[in-house]
1. If the label point is 7 Å along Cα→Cβ of Leu147, which residues in the stretch 96-132 have backbone nitrogen under 13 Å from it?
2. For the stretch 51-142, just the Cα atoms, rotate onto the principal axes and tell me the three extents in Å, largest first.
3. What angle do you read, to the nearest 10 degrees and between 0 and 90, between the alpha-carbon axis of helix 53-65 and the longest principal axis of the chain?
4. May I ask for the angle, rounded to the nearest 10°, between helix 3-19 and the longest principal axis of the chain, with both axes built from Cα atoms and the value confined to 0 to 90°?
5. Which number do you get for Rg(Cα) / (2.2 N^0.38 Å) in the stretch 1-91?
6. Just add up the charged neighbours of Phe143: K/R +1, D/E -1, any other residue whose Cβ is under 12 Å from the Cβ of Phe143.
7. Rounded to the nearest 10 Å², what accessible area does Glu12 show when all protein chains are kept and the probe is 1.4 Å?
8. Divide by every residue of the chain the summed helix terms, -39500 (n - 2.57) for each DSSP H run of at least 4, and state the resulting mean residue ellipticity at 222 nm, rounded to the nearest 500 deg cm²/dmol.
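The values are calculated or read from the model by the stated rules, or taken from the named source; none is laboratory data. Predicted model, so just to flag it, every value in this text is computed and none were measured. Don't worry about glycine lacking a Cβ; one is built from the backbone with ideal geometry, like all the others, and counts go over all protein chains shown. All accessible areas refer to the heavy atoms of the entire protein, side chains included, with ligands and DNA or RNA removed. Shrake-Rupley method; radii C 1.70, N 1.55, O 1.52, S 1.80 Å.
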Amino acid sequence: MKHDYFMKQAIEEAKKAEKLDEVPIGAVIVKDQEIIARAHNLRVTSQKASSHAEMIAIEEANQKLNSWRLEDCTLYVTLEPCPMCAGAILQSRIPVVVFGAYDPKAGSAGSLLNLLEDQRFNHVAEVIPGVMKEECGALLSNFFRKLRDKKKREKKKN
């Protein structure tokens, strides 16, 4: 697998989210070395809590393959999946998850817990962490720095 190539595609999706003032997280789903789904965060835009990049990409891949099972696919995502997304990954039977930056506040693929490799579930996914982690982490750090600066400026105006 060309992990860097596909992670770069997920980063491009994350940049689309950032242009919408969304947290810059992007995801792509790959089957047979071809991207079958791509998505970015749309939680603010849609006002739906479930509009994470992974969730949208999984739904798109389900539609493309006309199946809820994504057994021969790999998910690439710029940030470690949260519990909700990890659950959807397990439910859709994705066997491999590649992520960029760790998420110490909600990460469920090794940071806080590891739902994806928990043998107690009826499905587990191989986790490949830290692919292009500097680039993925910088996207998020820069976004939140700008957000904090904006809030400080607005506070000074009031």
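1. The answer is 105-106.
2. That works out to 38, 29, 20 Å along the principal axes.
3. Result, in degrees: 40.
4. The answer is roughly 40 degrees.
5. On the way: Rg = 12.1 Å, N = 91, 2.2 N^0.38 = 12.2 Å.
Compactness ratio reported: 0.99.
6. Overall, the nearby charge balance is +2.
7. 90
8. Details: 5 runs with 68 residues, N = 158.
The helix-only estimate for the chain comes to -14000 deg cm²/dmol at 222 nm.
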